[in-house]
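The values are calculated or read from the model by the stated rules, or taken from the named source; none is laboratory data. Bear in mind that the values here come from a model prediction, so they are computed numbers and not experimental data. In this analysis, Cβ positions are derived from the backbone assuming ideal geometry, glycine residues included, and neighbour counts consider all displayed protein chains.
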């Protein structure tokens, strides 16, 4: 059994080092620090742990060996930079990293070693993509990313986890509130990054990513462009943007109220299916398309969403206190502004609003319908006649499918 464990650790330590070395030798064509060298460095890390376990007096061996590898690394970098005028440190830093991964294997931390090797290899292999990513970022986007990180990792953890009474009987859990804002912002951020680097290659993909950020703004941009430059793909893009809005709202509801989610899942899935059928278009764009908007993600947009979300939550609370029967109208008005805010407000405050799960499902769907009606109004007033003529029936069909499925599901 001990021999089998020894062989397993030897092979695994060689494997994690070889994975990193394979990438270095393949990508950078390294002749000195390639597959074999880095695999042996990782093996040395494993063997240093094995030696340290032979006697308590040898427990310092792995750490002393790591210092020796780091010293060798700096000497290697110095002579390499002096002789070849090569100042890159990435390959050099893989040597102590491989040694540490070998130490992990020696201490039976197999998952950590394998995960570390895979992540390191991915990071090394993504050199060209990471450089392209950094070059395309603007100062404004970097500032927004730093501010967003400050909100996520500094401000959010110190917020009170208990509900805070803000007005009358209206209480708000600030951590839960900002967690929703952060979730929506992360969806928008990921969509923005994908949109920035790949979305321009296909208009329907641009519409889907834009719909995750702001479907109404996406449709408004499409409408204005349809008058300048007609395209058969505009209807498909409208469909993907609306599908993204519905999918985002569904995700928010499942995080906050699985009970309401179980009732609206099939209706929203049916609506998305209608849109997907319209987004399948045989025509291919002959040229790359432009982004629908320049800066779809920013801290300002996140703050605007939080303000709208708070206003909708307070509005629904006041309506529930003054006239509970008017909640449907309130959800519709809120949906005209932001369907995501209605979905979050209803799902998170179902008990405080005094509504049943079925009523909550209807209110969330009303918010989604209101957002789609906003798109119909946008097409009617801003889009070309052809785009409006073809796009509005798609939205109406989707709404009818959702309404019928909701009635069947709820009853």
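Just one of the listed residues (70, 61) is over 42 Å from the mean Cα position of the chain (by Cα), in the same structural domain as residue 6 (by TED's automatic domain parsing) and farther than 13 Å from residue 33 by Cα, namely 61. Of all the numbered requirements in (1) modelled with pLDDT of 85 or more; (2) more than 21 Å from the chain's Cα centre (by Cα), residue 225 misses one, and that requirement is (1). All conditions but one from (1) modelled with pLDDT under 90; (2) more than 20 Å from the chain's Cα centre (by Cα); (3) surrounded by fewer than 13 Cβ atoms within 10 Å (Cβ to Cβ); (4) over 18 Å from residue 37 (Cα atoms) apply to residue 150; the one that does not is (2).
The residue list 179, 119 contains one member that is modelled with pLDDT of 70 or more, surrounded by fewer than 18 Cβ atoms within 10 Å (Cβ to Cβ), farther than 30 Å from residue 54 by Cα and not assigned by TED's automatic domain parsing to the domain that holds residue 247, which is 119.
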